[in-house]
Every structure is written in C-alpha cells, then in structure tokens.
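J.: Here it is: the structure, laid out below.
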Amino acid sequence: RPLRQCARITASVLLVCNVALAQERFSPFVPSNEANVERMVKLANLRPTDMVMDLGSGDGRIVMTAARSLSGVRGIGIDIDEDLVKKSNAAAQTQGLGNRVRFVHQNVFDADLKQADVIFMWLFPELMRLLRPKILAEAKPGARVVAATWDMGNWPVDATDDQPGLPTIRMWIVPARVDGEWEWETPVRGVTRRYVGLLE
C-alpha cells in the first residue's frame with residue numbers, strides 16, 4: 001500500500017511538472033494579425049460587464065482590442081514571458097487602459113478562470129487540448145471560449161467565423177456542470193418512488 005501511494009504521488013508530481021512545461025514548449029510568441037484579432041473579439045459578442053482573459057497574451061493586443069471595443073469591458077492577460085508582460089502593462093497605460101486591463105506573469109495552468117466571461121486563446125493545439133479539462137472544470141457555465149486556427153478536439157463548436165484564406169475563428173460555450181449525485185421523486189402507478197443517480 002505505501003508503495004502504491006508513493007507511485008501515485010510520483011505520477012502526480014510528474015503530471016504537474018509536464019503541464020507546467022507545456023506552455024513553454026507549445027507557445028512561442030508570434031504576433032497576431034490585427035484583422036484576425038478583431039474577428040476574435042467580434043465573435044466573442046462582448047457585453048459591457050464582461051471580464052475577458054487571454055491565455056498566452058503575448059504583447060497584449062487581444063485583451064486591449066477587447067477593452068477598446070466596449071467601454072465597460074475589463075481584461076487580464078496571462079503570459080509566461082515576463083518581458084512581454086511588462087511591455088503589455090506599459091502599453092495598456094500608454095493607451096489609457098491601465099484602469100481596466102492588466103497583464104500577469106504566470107503559467108496559464110495556474111490562471112484563475114472562475115472570473116472570466118470570455119477566454120481568448122491563440123495557442124498550439126497540444127496546449128489548447130491540455131487546457132480543455134481545466135476550462136470545463138473551472139470556468140463558469142456560459143463563459144465563451146474563443147480561439148483561432150485550431151479546434152478543441154471533440155468539443156463541439158458553438159459558433160465559427162470561417163473566411164477563405166484566413167484562420168478559422170471558433171467559439172465554444174462552457175456547458176453547465178451536471179456531474180455529481182442527483183436525487184428525485186416521481187409517481188409510478190400511483191406510488192411515489194425516490195431515485196438516486198450519479199453522473200461523472
């Protein structure tokens with residue numbers, strides 16, 4: 001039994017380390033085309049009270065474009081490159097967005113997704129698919145996830161901007177979580193019966 005516990009702990013540590021290294025391996029910074037950033041922001045269908053988050057924010061242009069598009073929108077950019085984070089925060093101040101937008105030096109797997117109404121990503125597919133379980137577990141139901149070029153495996157897309165010669169922009173809506181224990185009662189031939197179900 002102790003050996004099994006040690007094996008489980010070792011496997012967990014290796015998984016955390018591998019996930020932490022994934023962002024560095026699969027996220028070299030390539031500046032996003034402004035026209036495609038505008039398409040991403042448009043597909044997100046932003047609302048004035050939205051908090052947007054960009055996982056792998058690079059130079060910050062997606063978050064700042066979202067904030068400029070609607071005066072009430074706030075934003076957080078997460079990036080593992082400390083220099084890019086400093087430059088993004090400086091640019092936000094220069095553009096007069098410093099009170100609504102900030103950038104954080106952090107691994108995307110450590111980001112707090114619970115506060116996000118919209119999650120933007122323009123990452124390699126390997127990293128996006130590693131992030132998918134985190135998004136489904138942590139983001140609130142109804143949050144929109146917008147990504148360019150690559151999909152999220154077998155997670156069905158809710159909306160698409162697909163134009164000839166341009167990267168495909170996709171949006172997913174985080175579904176309500178139904179896992180857990182459910183109890184209900186229903187009459188069967190005049191007798192009320194109680195049922196219990198477990199969804200995983």
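J.: From the protein chains alone at 1.4 Å, what is the descending order of accessible area for ARG144, ARG47, ARG132, largest first?
T.: Ranking ARG144, ARG47, ARG132 by accessible area, largest first, yields ARG47, ARG132, ARG144.
J.: Given a 1.4 angstrom probe, I'd like the percentage of the accessible area of region 107-166 that is carbon and sulfur, rounded to a whole number.
T.: Percent of accessible area from carbon and sulfur atoms in region 107-166: 52.
J.: Let me check I've understood the local charge: for VAL73, count other residues with C-beta under 15 angstrom from its C-beta, Lys and Arg +1, Asp and Glu -1. What total comes out?
T.: Result for the local shell: +4.
J.: Let me ask something additional. With a Cα-only, solvent-free Debye model of region 31-181, what are the log10 I(q)/I(0) values at q = 0.14, 0.18, 0.20 Å⁻¹?
T.: For the requested q values the scattering log ratios are -0.62, -1.04, -1.30.
J.: So for region 126-166, Kirkwood radius off the Cα pairs, Stokes-Einstein at 37 °C and 0.692 mPa s: how many µm² s⁻¹?
T.: 282
J.: Here is a follow-up. Over all distinct Cα pairs, what is the inverse of the mean 1/r for region 57-122, reported as the Kirkwood hydrodynamic radius in Å?
T.: 11.8
The values are calculated or read from the model by the stated rules, or taken from the named source; none is laboratory data. Computed from a predicted model, the values in this text were never measured in an experiment. Don't worry about glycine lacking a Cβ; one is built from the backbone with ideal geometry, like all the others, and counts go over all protein chains shown. In case anyone asks, the SASA skips ligands and DNA or RNA and just uses the protein heavy atoms, side chains included. Shrake-Rupley method; radii C 1.70, N 1.55, O 1.52, S 1.80 Å.
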